[in-house]
Each structure stands twice: as C-alpha cells, then as structure tokens.
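A.B. asks: Input: one structure, supplied below.
Only the coordinates and a few stated rules stand behind these numbers; no lab work does. In this text the structure is predicted, and so the values were computed from the model without any measurement. Here the Cβ positions follow ideal geometry from the backbone for every residue, glycine too, while neighbour counts run over all protein chains shown.
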Amino acid sequence: METLAMPAINFAAIMPETILSAVAMALLLVNVFVRSEQKAYLGYLSLIGILVTFFPIVAGWNAPVELQSGFNGAVLQDNFSLFFKGIFLVSAALSILISDQYMQREGCNHGELYPLILLATAGMMLMASGTDLMVIFLGLELLSVALYVLAGFNRDKLKSNEAGLKYFLLGAFSTGFLLYGMALTFGATGTTKIAGIAAYVAANPMITGNQMFLVGMLLMGVGFSFKIAAAPFHMWTPDVYEGAPTPMTAFMSVGPKAAGFAAFLRVFMIALPAYKPEWSALLWVLAVLTMTVGNITALFQQDIKRMLAYSSIAHAGYVLVGFVAGNAVGTAGIMFYMLSYAFMNIGAFAIILLVGRKGEPNNNVADYAGFGFKHPLLGLAMSIFLFSLAGIPPAAGFIGKFYIFSGAIQAGYIWLAIIGVLNSAASVYYYLRVMVFMYMKDPVEEFDWLKVTPAHALCLLVAVAGVLIPGIVPGYLLELAQKAVFF
Amino acid sequence: MVPLPYYLIVSGILFSIGTIGVLTRRNAIVIFMCVELMLNAVNLTFIAFSHELGKIDGQVFVFFIMTVAAAEAAVGLALMIAFYKNRESIDVEDVNLMKW
C-alpha cells in the first residue's frame, strides 16, 4: 500500500468554484435576515458574486500550464474549461435575472434559490475542469443534488414535486451507471486520473481487448448520455422541464447539458482515444437517434415548455454530431453552439415566463395568439430566439450549426451531416408554428398582466445581443472557441 | 484470501439486483433503496480493485461515494415528503401528472 502523498495544491486552478461556493454560503447566512418580500436582494448579491467570478476566468485565459493544473493533477483549468465556465456563468446570471418575478408570482420566493444556483454552477465548473474521474463525479453530484431541489422548488405545486422526484430517481439511477463505469475503468487501468488512463492505454495497447475496460467505457457513456439527455436516455427531460419552475427549466436546459458535454468530451477524447472507432460509431447512432426523436416528438407538442424540452433533446443531438466528428472544428463548434444556445434558450424561456400568470401558466402554443401585435418588442425578441433555435441566419444558432456540420463533413461523416441538416429543417416547423400563432392569429387575450421588470428587460437585452452579435460577427467568439480546443 | 473475481461477481450481481429493482419496483423509497444497492455494488468493486492493485485511490473514491449518497438521500427523501404531502402517495404510478 502506498501512502497518501500531500498533493500540490494550487487554489488558482479552482478560484471560480471557490468564489461561487463562498458567496453561496454567505448568502445562506444572509438569507436568514432578509424578509421574504425582499429576497430579490439575494439575487443581486449573487449576480455580484457571478461578476466577480468572471475575473479569474478572464485572467486565467492562456495561463502557463503549471498555473492551470492543481490538486496533484486532479483539476486542470485550461482554456477549454474556462470557455465552458464562461457559458455556465452566463446561463446562471440570465436565470437569476428572471427568477425573482416568477418566484414572487408563484409564492415560492425562498431565498435558498440563489445559493443553490451558485452551487450548481460551481458543480458544473468542477465537471468542466476535472481531470480526475473523482472530481468529475463530485462536480456532477454537486450539480445534480442542487438541481433536484431546484426542479422541485415550488414545493406546494404537485407538478414541481413530480419534476423533482422524477429527476431525482432517474438522476441517481444514471449516476449508478456512471460510477460502475468509473470503477471498472479504475480496475482495468489502476488509476482514476484521465491523463493516467491515457498513459496506461498508450503503454499497454492490448488493454483495448479487455472486456472490463470496454464495459467500463460503455457504462460511462450511458451515465453521461443521461446527463446530456441523449435518446434513448432522454425520457426524464420533458417531464422535468415541464414541471420545474420556468426559470429553473431555463437554467437546467443549458448549463448541466454543457457541463455534461465538457466532461464527456474530456474523458472520451483524452482518456479513451484508443476506442475512438468504437465510441464514434456508437455516438453516431446516438446522435441520429437523439436528433430524430427530439425533433419528431417536438412536432406534436402543444405545451411550449415540453416543445422546448424536446427541442433541447434535438439540440443535444446536433452537439453530438460535433462530438462524433472529433476534430478541432467540431469541438470549437460545440463550444460556440453551447454558448449561443445559452442565450437563445434562456431568452425564449424568459418570454414564456412573462406570458404566464399565477395559476395560469399559459404554456399552450395557442395562448400565444396575437402576442406579437399586443407586445411588438417582446414578440420580436421571441422571434429572434426562435429563428436562432431553428438555425436561420443571421442568428448565432445558424453559425454554431454550420460549424458543427462542417466539422462532421471534414471528418468524413457526410451522412451524419445530411441527417443533421434534414432534422434541422424539420425543426423549423415547430418553431415557426409559435410565430404563426404570434403574428397570424387574432388576439384572444389582452396580455395586460405582463409586467417587464428591469431585471427581466436586462436578461432579454443580453440574450438578444448574445444571439445577434455572434450571429452577425462570429469571428471573435469562434477564435476564442478555437483557442479553447484542448488538442 | 478471497480472489478478485469473486468480489467482482458479487458486486455485479448486486448491481444487477439494484438495476432490476429500480425498473420493476413501484414504491419510490424502495426504488431509492435499489439505487443505493447499485452504489454499494460500485463501492465493493472499488474496494476490491483497490486492494488488488495496491492503489489507495479506489478507497478514497468510496469515501466520496458514501458522502454523496448520504447527501442525495437527504435531498431525495425531502422531495418524497413534499410529494407525499400533496399527493398522499409515494407510489411512482401516481407520479403521472405529466405525460406526452
């Protein structure tokens, strides 16, 4: 038995996580002294915490390697993880901006919301920068446990209870698979470090014939697929997205998915390149299945939150296309796409949230009849988000899809790209259907209950800018994404 | 000394029992117990490998899994209580408000 050596700790490598966790714990304390109608201040404080967290992320960009890694190689804050951390912070900030209004309206204005969002964000960050299976697992659980609570946050509402319970049971179930995969990988290679696994496989090429290692990889793939909601492991998504409070649906549709992809990419690309033919064939099937199931089911949805849930499954499919490609263009495309997805999806949920009122979520597509005439600006914003989700230029969603599919073509996956484009074309139908209701039907409602708070307006402005600016001048962000690719 | 494959077979069986339990049982608490069984099968695998390979990483991993499982249990049981308060049932057949 070796003794446990004291690891080389480098707190700079986990500075963003440290700040977020510290702010979260401070907020939990402050929460006790804040009266329930003033919980919005906790939201502002957490936004300050998020802004502060941006500093180490910007400062850490292109840092020398010895400053990036910490805790004896268990975390690595490279450009790849920094880019993803930026995505998580953006999605957390946008979700916090739209939370207070909804929570007050629905009477579940509990202050614990904001610390939980911050802790979930810290968990995502650990997943993105973890280079040890242990750290990835801990990040995943920190994220998931916080999200179980957030999904069931409206505890007096049965739908929210159901969402939380379903998410919890299926999430814990999938964690079991992920962990068993990790255990078998540990047994086959004798290490939990991703770099160690890669080195072991390089030194013993025969290991790829080891059944245990293969099963370990497959089980890890299943565990990650649950988290990114790839078909056939997507069953929980629509129910959880529909039942969870809308701002939390927005939050959990972007960040956790991006975090799942970050960890998935790092484990499979760095630790298991020896199995690349096997896993890219598997992911090929998974990508096609995910895109098709997501898009076709979304065609039949009447509930707009469910529709966006299926659309988020389809988007996971597009991102998987970039993963299968496995080259620099595809990976940069994934990062660019996840960032623009954060803006467009949270923006769309922000509008959905406004259309609803207490007791009447107004989630049916038909409830949007005439919305575009009654509120031209909000209608325009919703149209921009829907165009971007459908992948129509000049929105950012188009550029992201373009890059992902061109990555697939460069890697020789022509058919995959064709299926992806066909799917994307099919998806236009259900996105535009909402717009048909918004602009081509006579208004049934007056929509006079709509109240756009300053925070909400800020969220919408940022989201519109985040969709349009990278869509029209994608150069800068694409360059960042390309520099962030880890190979 | 018990050889490694015995441990792996036992943990494989435990994991399968847990998985089947999750898929077939109807009571949310029993389902959660089956998930815990799966996690413990993983723990056994880790410990067996850790002992066999002479590497302490596996045992450290087990500590983390146990801690996380405890945290998960706290949150999960709280969610079940919230559900029970509104629905007066803990049967997953009654988790049926949303269907496509």
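A.B. asks: What are the principal axis extents of the Cα atoms in chain A, in Å, biggest first?
C.D. replies: For chain A, the Cα spread along each principal axis is 70, 56, 41 Å.
A.B. asks: Is it possible to state the helix-based mean residue ellipticity at 222 nm for chain A, with each DSSP H run of 4+ residues giving -39500 (n - 2.57), the sum divided by total residues, to the nearest 500 deg cm²/dmol? What is it?
C.D. replies: Only helices count here, giving -25000 deg cm²/dmol.
A.B. asks: Order the peptides A:245-256, B:46-57, A:440-451, A:285-296 from the highest to the lowest mean number of other Cβ atoms within 10 Å of their residues. Write down the numbers at each step before the final one.
C.D. replies: Numbers: A:245-256: 27.6, B:46-57: 18.6, A:440-451: 12.5, A:285-296: 21.6.
My ranking of the peptides, most packed first, is A:245-256, A:285-296, B:46-57, A:440-451.
A.B. asks: Here is a follow-up. Going toward the positive end of the dipole of the protein assembly as shown, with +1 on Lys and Arg Cβ and -1 on Asp and Glu Cβ, which of B:Ile81, A:Ala40, A:Phe405 do you reach last?
C.D. replies: Of B:Ile81, A:Ala40, A:Phe405, it is A:Phe405.
A.B. asks: Ok, one more. Relative to the first principal axis of the alpha-carbon coordinates of chain A, what is the inclination of helix A:376-390, with its axis defined by its Cα atoms, in degrees from 0 to 90 and to the nearest 10?
C.D. replies: 30 degrees
A.B. asks: Go through the range A:305-316 residue by residue and turn each phi into a ³J(HN,Hα) via Karplus (6.51, -1.76, 1.60, θ = phi - 60°); whole Hz please, and just put x for glycine and proline.
C.D. replies: Each residue of the range A:305-316 in turn: 5, 5, 4, 5, 5, 5, 5, 5, 5, 4, 5, 4 Hz.
A.B. asks: Expressed as a whole number of Å, what is the distance separating the alpha-carbon centroids of the range B:72-100 and the range A:106-179?
C.D. replies: Using only Cα atoms to place each centre, the spacing works out to 16 Å.
A.B. asks: Quick one: grab the alpha carbon gyration tensor of the range B:4-88, order the square roots of its eigenvalues as a ≥ b ≥ c, and give me rounded if a/c is under 1.5, else prolate or oblate depending on whether a/b is larger than b/c.
C.D. replies: The shape class here is oblate.
A.B. asks: Provide a whole-number value for the mean count of partner chain Cβ atoms within 10 Å of the Cβ atoms in peptide A:177-190.
C.D. replies: 6
A.B. asks: Go through B:Ile9, B:Leu37, B:Val62 and say which Cα lies farthest out towards the positive end of the charge dipole of the range B:4-88; charges sit on Cβ, +1 for Lys and Arg, -1 for Asp and Glu.
C.D. replies: B:Leu37
A.B. asks: Ignore the peptide's own chain and count Cβ atoms of other chains within 10 Å of each Cβ in A:212-224; give me the average, rounded.
C.D. replies: 0
A.B. asks: Also, quick follow-up: Could you order the peptides A:429-437, A:140-148 from most to least packed, using the average number of other C-beta atoms within 10 Å per residue?
C.D. replies: The most tightly packed comes first, giving A:140-148, A:429-437.
A.B. asks: Return the average number of partner chain Cβ atoms within 10 angstrom of each residue Cβ along peptide B:61-74.
C.D. replies: Mean partner shielding for this stretch: 4.
A.B. asks: Sorting check: for A:69-75, A:149-155, A:315-321, which peptide has the highest mean count of neighbouring beta carbons within 10 Å, and how do the rest follow?
C.D. replies: A:315-321, A:149-155, A:69-75
A.B. asks: Follow-up question, since we're still on this one. Among the lysines, which fall within straight-line cross-link reach of A:Lys227, defined as a Cα-Cα distance under 17 Å, with same-chain neighbours fewer than 8 residues apart omitted?
C.D. replies: Filter leaves A:Lys166, A:Lys257.
A.B. asks: Just how large is the dipole of the range B:4-88 about the Cα centre, in debye to the nearest 20, putting +1 at every Lys and Arg Cβ and -1 at every Asp and Glu Cβ?
C.D. replies: The calculation lands at about 300 debye.
A.B. asks: Can you tell me the 0 to 90 degree angle between the C-alpha axis of helix A:396-410 and the longest principal axis of chain A, rounded to 10?
C.D. replies: 30 degrees
A.B. asks: In whole Å, what is the distance between the alpha-carbon centres of the range A:415-433 and the range A:38-59?
C.D. replies: Centre-to-centre (Cα) distance: 37 Å.
A.B. asks: At each listed q (0.08, 0.11, 0.13 Å⁻¹), what is the log10 of I(q)/I(0) that the Debye formula gives for the range A:275-487 modelled as equal alpha-carbon point scatterers?
C.D. replies: -0.29, -0.53, -0.71
A.B. asks: Is there a quick way to get the dipole size of the range A:275-487? I mean about its Cα centre, with the Cβ of Lys and Arg at +1 and of Asp and Glu at -1; what is the value in debye to the nearest 20?
C.D. replies: On the way: 11 positive and 9 negative charges, 40 e Å.
That gives the range A:275-487 a dipole magnitude of about 200 debye.
A.B. asks: Moving on. How far, in degrees from 0 to 90, does helix A:276-299 lean away from the longest principal axis of the Cα atoms of chain A, to the nearest 10?
C.D. replies: For helix A:276-299, the angle is close to 10 degrees.
A.B. asks: Next question, about the same structure. With only Lys, Arg, Asp and Glu charged, each at its Cβ (+1 for the first two, -1 for the last two), find how big the charge dipole of the protein assembly as shown is about the Cα centre; round to the nearest 20 debye.
C.D. replies: Numbers: 29 positive and 31 negative charges, 111 e Å.
So the magnitude is around 540 debye.
A.B. asks: Set Lys and Arg Cβ to +1 and Asp and Glu Cβ to -1, take the dipole of the protein assembly as shown about its Cα centre, and tell me which of A:Met438, A:Leu308, A:Trp415 lies farthest positive.
C.D. replies: Going by the charge dipole, the pick is A:Met438.
A.B. asks: Given the pairs A:Lys358/B:Lys85; A:Lys85/A:Lys483; A:Lys159/B:Lys85; A:Lys157/A:Lys358, which span a C-alpha to C-alpha distance of over 18 angstrom in this model?
C.D. replies: Too far apart for the 18 Å limit: A:Lys358/B:Lys85.
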